[in-house]
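First the structure, in the form of structure tokens, and then the observations on it.
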Amino acid sequence: MRKEKTVDFQIKWAWHSISRMYNTYASRFDITMAVGYVLLNIDVEHGTPATKIAPMLGMEPRSLVRMLRNLEEKGLITREIDESDRRFVRIVLTEQGRAKRELSKQGVIDFNNMIREQIPLEKLATFFEVINDINRIVDEENGRIKAGDQADDLNDV
């Protein structure tokens with residue numbers, strides 16, 4: 001099978017194209033797509049617990065720690081430690097972080113509007129249905145793989 005005919009190749013190719021476009025857009029504002037994505041996932045009003053951000057983004061906690069440190073150094077976020085439980089840290093946007101978040105949000109809106117203007121609604125509905133099916137199938141397979149790994153671990157005991 002040629003790689004161009006595989007589902008995973010098409011998804012990855014599309015995502016890389018989108019990612020390059022977002023990075024080009026974001027670079028105009030001295031940020032990256034990844035930074036914009038993190039900023040978009042921080043609650044504007046109340047901030048977001050640090051422990052909730054990595055799972056929302058599908059990131060490894062180590063990668064997020066580095067990124068949060070970088071965002072804090074750039075003055076886009078602050079960390080607020082809970083007074084009653086000092087282990088609890090909330091990530092809060094600064095004014096500059098809010099401004100960069102709005103620019104990121106506008107980039108996402110512009111991209112989605114561009115796609116909706118050029119691709120008929122029926123085709124988009126089919127795309128969403130198919131991509132949801134793919135995600136369900138992948139989640140089910142991940143569950144089977146993990147269950148198999150756990151069974152292997154029990155057999156090693």
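The table for this structure:
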quantity	calculated
W13, sole failed condition from (1) within 12 Å of the chain's Cα centre (by Cα); (2) more than 18 Å from K105 (Cα to Cα)	(1)
Residues (over 30 Å from I11 (Cα atoms) and of a type outside the set (A, V, I, L, M, F, W, C)) located in the range 85-130	D85, R86, R87, R90, T94, E95, Q96, G97, R98
Tally, over the range 24-48, of residues that are touching a residue at least 24 places away in the same chain (Cβ under 8 Å), surrounded by 14 or more Cβ atoms within 10 Å (Cβ to Cβ) and outside any helix (DSSP H, G or I)	6
Enumeration of residues in the range 49-86 that are part of a loop (DSSP other than H, G, I, E, B), under 13 Å from G97 (Cα atoms) and not charged (D, E, K, R)	G75, L76
Considering residues of the range 65-80 that are of a type in the set (A, V, I, L, M) and more than 18 Å from H46 (Cβ to Cβ) only, the residue surrounded by the most Cβ atoms within 10 Å (Cβ to Cβ)	M67
One residue from V157, V89 being loosely packed, with under 10 Cβ neighbours inside 10 Å, of a type outside the set (S, T, N, Q) and at pLDDT below 95	V157
In the range 92-135, the residues that are surrounded by 11 or more Cβ atoms within 10 Å (Cβ to Cβ), assigned to a helix (DSSP H, G or I) and of a type in the set (V, I, T)	V108, I115, T126, V130, I131, I134
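The values are calculated or read from the model by the stated rules, or taken from the named source; none is laboratory data. Source: prediction; values computed, not measured. So basically every Cβ, Gly included, is an ideal-geometry build from the backbone, and we count neighbours across all protein chains shown.
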